[in-house]
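The values are calculated or read from the model by the stated rules, or taken from the named source; none is laboratory data. None of the values given here were measured: they were computed from a predicted structure. Cβ placement follows ideal geometry from the backbone for every residue including glycine, while neighbour counts extend to all protein chains displayed. These area figures cover heavy atoms from the full protein model, side chains too; ligands, DNA and RNA do not enter into them. Shrake-Rupley method; radii C 1.70, N 1.55, O 1.52, S 1.80 Å.
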Amino acid sequence: MTHRSRLMGLGMSVPQRVVTNHELASLMETTNEWIIERTGIEERRWVSEGETGATMATAAAQQALERAGITAKDLDLIIYATLSPDFNFPGTGVFVQRALGIKDIPCLDIRQQCTGFIYGMSIADAYIRTGNFKHVLLVGAEVHSTGLDISTAGRDVTVLFGDGAGAAVLGRATDDQHLILSTHIHADGSEAEILWTEYPASARHPRISAEAMAERRHYPVMNGKRVFKHAVTKLPAVIMEGMITNNLKLTDIDMVIPHQANLRINQMVAQMIGLPPEKMHNNIQKYGNTTAASIPICMHEAIELGKIKPVVRAA
């Protein structure tokens, strides 16, 4: 028997510390106006001592489980998406498993960066469709702040990123009104280095050196123009791919929840495809780019604000 999957509950957790653009302007050569004009970001959350990807992920997971109406003991699989694991190994998923008070179920850590949550959803959907698992916890969590170059040299990247976690419980669909219609994932490695962190790396001997650190090569770097061009080209294409696959028109869409990389990217994409601004929810203004956590955090907030409502079937 083939099953279909659905989102049962969502949760989110962000650090208490709010870092404003004005605070960053006191640490590097930038201004509140410069950051807002180029990114739309006004503030972001950064962790303090004792806050980790695992602690935020656990809090988000507990909220998602509560909303789903199940307990951690009902889970069959944990998928943990991040580019910033708490430790090189083991994966952070097992620390979340332990914090939730469960054991034995598999934990799958994936590193697909900004697409992590969508890749994770495609994996969870596949497992549920095959009947292997009934309930899957999918987490996207990031701690960027401890690895950023908080100086003028690193400002183009540093102003963008925030910390946070979002979680979703996926389960078997019980009707044809509440289900995941399809997932679509792609990759293009031709310009992998336009946004990357080179060190530490097992491809380098040694993995990290004083020379590499002196050259600041252990900090993330980005070719902003190339990233922007890719985003405004690929995002409309995959939106259309999803609609065509499911015989939907733009007028059928009530809300688009995009990855929160840059408000200007999302605004341009909405304009390109003719999507009214009220049909796209953005919250990068408050949280910055939380990478694998951005979509579940944004979706959770949209639900809380009443922008996404459950389908009500006629009696």
Handout entry: Where a residue in region 14-38 is without any contact (Cβ under 8 Å) to a residue 12 or more places away in the chain and within 17 Å of Val157 (Cβ to Cβ) and its partner, wherever it lies, is part of a loop (DSSP other than H, G, I, E, B) and of a type outside the set (Gly, Ala, Ser), with Cβ under 6 Å and at least six apart
Key = Ala25/Thr31
Exercise for the section: Pull up region 258-294, narrow it to residues that are in contact with a Lys or Arg (Cβ under 9 Å, 6 or more places away or on another chain) and assigned to a loop (DSSP other than H, G, I, E, B), then point me to the one that is surrounded by the fewest Cβ atoms within 10 Å (Cβ to Cβ). Expected result: His281
Fill in the blank from the handout: When restricted to Ala60, Ala124, the only residue of a type outside the set (Val, Ile, Thr), more than 30 Å from Glu43 (Cα to Cα), part of a helix (DSSP H, G or I) and within 18 Å of the chain's Cα centre (by Cα) is Ala124
Handout entry: Residue check for Thr251: surrounded by fewer than 16 Cβ atoms within 10 Å (Cβ to Cβ) and not charged (D, E, K, R)
Key = yes
Handout entry: Residue list for region 157-188, restricted to those being among the acidic types (Asp, Glu) and more than 20 Å from the chain's Cα centre (by Cα)
Key = Asp175, Asp176
Practice task
Could you tell me which residue of region 89-134 is nearest to Phe161 (Cα to Cα), considering only residues that are among the aromatic types (Phe, Trp, Tyr) and open to solvent by 30 Å² or more (accessible area, probe 1.4 Å)?
Solution key: Tyr119
Fill in the blank from the handout: Matching residues in region 1-35 (within 25 Å of Ala165 (Cβ to Cβ) and in a helix (DSSP H, G or I)) number 4
Problem - Any pair with Cβ under 6 angstrom, 6 or more apart, that starts in region 56-82 at a residue that is over 14 Å from Gly9 (Cα atoms) and open to solvent by less than 50 Å² (accessible area, probe 1.4 Å) and ends at one that is among the aromatic types (Phe, Trp, Tyr) and not in a strand (DSSP E or B) - result: Asp76/Phe133; Leu77/Phe133; Ala81/Phe117
Exercise for the section: Check whether at least one residue in region 76-90 is closer than 26 Å to Glu304 by Cβ, out of contact with any helix residue (DSSP H, G or I) (no Cβ under 6 Å at 6 or more places or on another chain) and in a helix (DSSP H, G or I), and report yes or no. Expected result: no
Completion exercise
Residues of region 158-181 being open to solvent by 10 Å² or more (accessible area, probe 1.4 Å) and either under 16 Å from Asp125 (Cα atoms) or not in a strand (DSSP E or B) (or both), in sequence order, are Leu160, Arg172, Ala173, Thr174, Asp175, Asp176, Gln177, His178, Leu179, Ile180, Leu181
Completion exercise
Counting only residues that are over 24 Å from Ile118 (Cβ atoms), of a type in the set (Val, Ile, Thr) and outside any helix (DSSP H, G or I), region 131-157 contains a total of 1
Fill in the blank from the handout: So, first residue under 11 Å from Ser13 (Cα atoms) in region 287-299, second residue among the aromatic types (Phe, Trp, Tyr) and buried (at least 23 other Cβ atoms within 10 Å of the Cβ), Cβ within less than 6 Å, six or more apart or across chains; the pairs are Pro296/Phe117
Exercise for the section: Would you mind finding the one in Pro200, Pro206 that is over 22 Å from Leu263 (Cα atoms) and either surrounded by fewer than 13 Cβ atoms within 10 Å (Cβ to Cβ) or of a type in the set (S, T, N, Q) (or both)? Expected result: Pro206
